[in-house]
Amino acid sequence: MEEVLSKEVQTDGAGTGSTREKPSVRKRFSAKRLALMAVFVALSYAVSFLEIPLPLFGASFLKLDFGNVFIILIAFALGPVEGVVVCLLKESLRCLSSSSLCAGELANFIVTSAYLLLPALLYQYKRNLKTVVISLSVSCLIATLVALVANRFIVFPTFAYLFGGSIFGMTVTEAFSAFWLAVLLFNLIKTVSVGILTMLLYKRLSKFLKKMKI
């Protein structure tokens, strides 16, 4: 991956890595880029249904999926705006079959957006492996903290409403107190896993984009 990243870097007078010229709005949403975004929406949506139960501390509702890998990939490849748009469209599709009044999808959109913004934005200015690793590491912590807030004020209250005012016989506050550590560890595992897979797959995507001249 480092070799690919280094080839994308342009240098200024001081020899430091810098970003390429920012695309205009017209170029940002060109036919090729829109088509690529649509493909990644479909991939992210499809893979999100391949869930792996991860019942940490008895939290049977926690299920791991890797649909966000494609969202982070497109954010690195095209930019943070495109990443957020792809995430929004994917979660909108998930809402069509939501069993939680779209609360889970809304929370996932917020958490994923918080996860991708920093690394995707920094990568536009400093295209190298060090930037990717450090920014993704920081974003794992940011997204995990955002996930705690989203679960406390969006997901848990919604599920309590759906189940008649309680979760496993507990109030929202009691349920969150019982499962907050499980939620924290789950999101930390998920963001780290997504980050690792993103770095492993980006090299192939980068080569494809160069061939397509995107």
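Throughout, read-outs are computed from the coordinates displayed, never taken from laboratory work. Predicted, not measured: the structure shown is a model, and the values here were computed from it. Note that each Cβ is placed from the backbone with ideal geometry, even for glycine, and that neighbours are counted across all protein chains shown.
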Restricting to the range 31-54, what's the tally of residues that are outside any helix (DSSP H, G or I) and in contact (Cβ under 8 Å) with a residue 60 or more places away in the chain? 1
What number of residues in the range 57-76 are in contact with a Pro (Cβ under 8 Å, 6 or more places away or on another chain), among the small types (Gly, Ala, Ser) and assigned to a helix (DSSP H, G or I)? 1
Give the range 99-120 a look and list any residue that's surrounded by fewer than 22 Cβ atoms within 10 Å (Cβ to Cβ), touching a helix residue (DSSP H, G or I) at 6+ places or on another chain (Cβ under 6 Å), hydroxyl-bearing (Ser, Thr, Tyr) and farther than 18 Å from ALA38 by Cα, or say none. SER100
Answer from GLY67, GLY58 - the residue that is out of contact with any strand residue (DSSP E or B) (no Cβ under 9 Å at 6 or more places or on another chain), of a type outside the set (Val, Ile, Thr) and at positive phi: GLY58
Going by the structure shown, is CYS87 closer than 28 Å to PHE176 by Cα, free of Cβ contacts under 8 Å to residues at least 24 places away in the same chain and out of contact with any strand residue (DSSP E or B) (no Cβ under 7 Å at 6 or more places or on another chain)? no
